[in-house]
1. Given the alpha-carbon gyration tensor of segment 162-237, what are the semi-axes of its equivalent ellipsoid in whole angstrom, ordered largest first, with each equal to the square root of 5 times an eigenvalue?
2. Enumerate the lysines that LYS158 could reach by cross-link, defined here as Cα to Cα under 23 Å, with residues fewer than 8 away along the same chain left out.
3. What share of all Cα pairs of segment 74-194, in percent, falls into each consecutive 5 Å distance bin?
4. Order VAL108, VAL43, most accessible first, counting only protein heavy atoms with a 1.4 angstrom probe.
5. Within the chain, which complete DSSP H helices have Cα atoms spanning at least 15 Å along the helix axis and a mean Kyte-Doolittle hydropathy of 0.0 or higher?
6. For segment 73-140, what's the radius of gyration and Dmax over Cα atoms, in angstrom?
7. Scan segment 32-96 for trypsin sites (Lys or Arg not before Pro) in coil per DSSP, keeping those whose Cβ has at most 13 other Cβ atoms within 10 Å, and list them by number.
8. Over segment 34-106, with every protein chain in place, what whole percent of the accessible area is carbon and sulfur at 1.4 Å, could you tell me?
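The values are calculated or read from the model by the stated rules, or taken from the named source; none is laboratory data. Just so we're clear, the structure is a prediction, and the values are computed from it rather than from any experiment. Here the Cβ positions follow ideal geometry from the backbone for every residue, glycine too, while neighbour counts run over all protein chains shown. For accessibility, only protein heavy atoms count, side chains too; no ligands or nucleic acids. Shrake-Rupley method; radii C 1.70, N 1.55, O 1.52, S 1.80 Å.
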Amino acid sequence: MRLIVTDSYEQSAYLSAQMILGVIKDKADALLGLATGTTPVAVYRYMVEAAQQKKADFGKVRTINLDEYIGLDGEDPNSYLHFMRKHLLDPCQIPLERVMIPNGMADVQEELQRMNLFADANPSDVQLLSVGVNGHIGFNEPSDVFYDRFHAVKLAQKTRESNSRLFPSIEEVPAEAITMGAGGIMRAKKIVVVVSGSDKAEILKKVVDGPITPQVPASVLQLHPDVTIVADEAAAA
């Protein structure tokens with residue numbers, strides 16, 4: 001595990017984008033494991049800028065997303081498909097046939113089977129992550145076990161409260177989601193984690209330096225052979 005401490009969130013986002021773009025440069029049809037939420041937004045902005053400036057070629061790139069809310073259609077502005085189309089897919093002209101993301105409106109068991117068949121056969125070349133204030137990665141909440149594959153989860157109240165800033169009210173934040181398990185995340189060849197803000201300092205200490213436990217899901221990253229955590233000074237305090 002490597003920790004890079006930067007001066008700012010913007011610097012963290014830029015460095016993280018460069019790592020992902022380096023993977024694409026080395027492998028044109030790279031499978032990118034993607035995350036959502038506010039933390040990755042600037043990472044995607046720098047990736048889009050590289051594509052628009054012809055510094056990166058997304059013509060063969062494939063993507064797989066960590067999660068999606070159960071009950072939200074992909075056209076819903078709060079869905080993660082909509083988020084990805086807005087921030088990366090459409091600007092980089094990545095067509096949906098090269099995109100794997102759970103369908104929040106499909107039968108959950110059938111959707112889990114579809115995502116797992118693909119993920120089991122196609123480990124990501126690089127996985128972008130952020131870490132929740134309770135240590136979650138994807139929607140893998142603190143638990144008694146590490147889940148391996150895509151599974152349905154009930155979202156922790158703290159997670160729903162954190163995500164409510166993107167919804168009209170917390171009542172409208174879905175209570176359940178489909179997410180890739182820790183095992184699927186760990187099968188990525190390379191992992192880049194962006195952590196920002198003083199509210200993440202306590203949990204980042206546990207992720208990097210604490211015991212490996214499903215009560216702090218991101219602590220499992222200590223076992224991965226190629227993880228880079230890019231944190232600003234506030235998060236690394």
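1. Square roots of five times the eigenvalues give 24, 18, 12 Å.
2. Within reach: LYS200, LYS205, LYS206.
3. With 5 Å bins starting at 0, P(r) equals 2, 10, 18, 24, 24, 17, 5, 1, 0.
4. These residues rank, largest area first, as VAL108, VAL43.
5. The qualifying helices are 9-26, 41-52.
6. For segment 73-140, the Cα-based Rg and Dmax read 13.3, 34 Å.
7. Listed in order of number, the matching sites are LYS54, LYS55, LYS60.
8. Solvent-exposed carbon and sulfur of segment 34-106 make up 48 percent of the total.
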